Amino acid sequence: QPLELLWHSLDEWLVLIATELMKNKKDSANITSILLKQKGPDHQDATPTPSFAAAGSESREELSTDTRDSKTYEVAGKQEAYTDCQDVISMTANRLSAVIQAFYMCCSCQMPQGMTSPRFIEFVCKHDDVLKCFVNRNPKIIFDHFHFLLECPELMSRFMHIIKAQPFKDRCEWFYEHLHSGQPDSDMVHRPVNENDILLVHRDSIFRSSCEVVSKANCAKLKQGIAVRFHGEEGMGQGVVREWFDILSSEIVNPDYALFTQSADGTTFQPNSNSSVNPDHLNYFRFAGQILGLALNHRQLVNIYFTRSFYKHILGIPVNYQDVASIDPEYAKNLQWILDNDISDLGLELTFSVETDVFGAMEEVPLKPGGASILVTQENKAEYVQLVTELRMTRAIQPQINAFLQGFHMFIPPSLIQLFDEYELELLLSGMPEIDVNDWLKNTEYTSGYERGDQVIQWFWDVVEELTQEERVLLLQFVTGSSRVPHGGFAHIMGGSGLQNFTIAAVPYTANLLPTSSTCINMLKLPEYPSKEILKDRLLVALHCGSYGYTMA
């Protein structure tokens, strides 16, 4: 009760700031219109007004000058008021935010664990504009004071667009700063190692022995630091920890465990819907989540890449029909065709049920209750496509996803990982993929007039050598549609009809012509440029402006 006066004052302060913001927003619009009017005839399309020499013309000029001066003072006054309002926000934001956090904590004391107070949710919704203004001016305020946003996904969603608009580097810093807040130095090299905290694993059974010791280890201590020793070996330190993560990440996708299956292009992995052939599969999925969570916690990269849809599952982002392409490109094309065409009179006779493979046997699965008797029409086809996508990409592997996330969230809170999108999460976990240029060159074919010894081809490979690793990844994505090289190197790149080498085709040169590509056959259409400098310039323009656009052969 004594604090109710403070909460009432807080509410009044936020209402006052909201009123000032609204007032100054209107004044800002008025200032703009006044300034436009002041630009005069030189900035307008109106015809000049004839000049009349009259006795009162001088006084009229003085009146006009006075009017312009008064408007200038009016604009200046409004601009000063707007600046004052922004200064008030700057001075009060941190203090008010601290009181808001205190209000949240008091409201939370009266609620069951994990539930957000309806009173506090109503408070945030009421003052939405002011709170967004605070976050816009200083996004870091979420981590300093607005802890309630990190703990309440339903509230955080209102501010997520502001957070994700911040530079990736800044979000990474906030992520690790908050993740490690209150923890001692996490680098085991710089602090004494308790012998009982060492993870002792066997090289010849690294997956199973690691699973066993990690499941028994103290989670809080693992967050602080990791020490690994291989049975029968003396070595320890960060080098051994890096080797452990590297080997384990390869073992996680070992087909012997049946946990993950390769995507259609052979470069990424997706949870295996039939993983239950391994009786311990859910325990192993939980362990896989722990390993990736630990790696992210300690900034260790893993040697594995997942499908975009699986990264979305980790982030809690809904999948869409385009994600189906990673496991079944033809099926994805069929779904795209249904969306792009009128199916009213085609007699497809589709219903809201589909046949799916369960351990080699086909079973009819309804997409929703009574789906077998509901026909797919032009009106409901979008719902059908979404439900099919969810079945293939989510429902079929829901137990595996849940087990993985249970392990992952032991080390990485869902509230923090949602700061990133699926592309950024891949970068955080696996880094930028390494590309072997010599392997690339060795497994490239030439067509339409090009041969390996041609001058343009030599220039091309010289340019590839000069590109940064990020630009090489863009080039690979530009031509093949994938930013990764399959296991086994460039000799194993897949095209639309199976194995298909990277191919460079000659195109007649015209001024300013950019390279293009046909991703379905991994073909770069490279104009016969007259110099290496022009080739490099045009290639970089194509990569930075067109790396996410695709054409058919």
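The values are calculated or read from the model by the stated rules, or taken from the named source; none is laboratory data. If you're wondering where the values come from, they're calculated on a predicted model, not measured in any experiment. Glycine also receives a Cβ, built like all others from the backbone with ideal geometry; neighbour counts cover every protein chain displayed. Keep in mind that these areas ignore ligands, DNA and RNA; they rest on the heavy atoms of the full protein, side chains included. Shrake-Rupley method; radii C 1.70, N 1.55, O 1.52, S 1.80 Å.
A compact table of results
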quantity: Neighbour net charge for Val365 - beta-carbon separation under 9 angstrom, K R +1, D E -1; calculated: -2
quantity: Summed side-chain charge close to Leu339 - residues other than Leu339 whose Cβ falls under 15 Å, Lys, Arg +1, Asp, Glu -1; calculated: -3
quantity: Convex hull volume per residue for the range 437-547, taking Cα atoms only, in Å³; calculated: 92
quantity: Mean separation of Cα contacts under 8 Å (6+ apart) over length of the range 315-415, as relative contact order %; calculated: 28
quantity: Solvent-accessible heavy-atom area per residue, rounded to whole Å², over the range 323-397 at 1.4 Å; calculated: 57
quantity: Quotient of C-alpha Rg and 2.2 N^0.38 Å, computed over the range 374-474; calculated: 1.78
quantity: Carbon plus sulfur fraction of accessible area for the range 323-397, probe 1.4 Å, in percent; calculated: 53
quantity: Which of Glu363, Glu243, Glu426, Glu349 is most accessible, then next, and so on - probe 1.4 Å; calculated: Glu349, Glu363, Glu243, Glu426
quantity: Sequence of Ser517, Ser373 from largest to smallest accessible area, 1.4 Å probe; calculated: Ser373, Ser517
quantity: 5 angstrom amide H check on Asn320, placed H, neighbours 5+ away; calculated: none
quantity: FRET efficiency estimate (nearest 0.05) - Cβ-Cβ, Arg158 to Lys23, R0 25 angstrom; calculated: 0.60
quantity: FRET E, pair Glu355, Glu451, Förster distance 60 Å, beta-carbon r, rounded to 0.05; calculated: 0.75
quantity: For the range 437-547, accessible area per residue (1.4 Å probe, heavy atoms of protein chains only), Å²; calculated: 44
quantity: Accessible surface of Thr19 - all protein chains present, 1.4 Å probe, nearest 10 Å²; calculated: 80
quantity: Residue pairs, from the table Lys333/Lys381; Lys442/Lys525; Lys140/Lys169; Lys164/Lys312; Lys126/Lys164, whose Cα atoms sit over 21 Å apart; calculated: Lys126/Lys164
quantity: Accessible surface of the range 437-547 [probe 1.4 Å, protein heavy atoms]: carbon and sulfur percent; calculated: 50
quantity: Net charge of neighbours whose Cβ lies under 12 Å from the Cβ of Phe146, counting Lys and Arg as +1 and Asp and Glu as -1; calculated: +1
quantity: All-pairs alpha carbon distance profile, the range 323-397, 10 Å steps from 0, percent; calculated: 18, 52, 27, 2
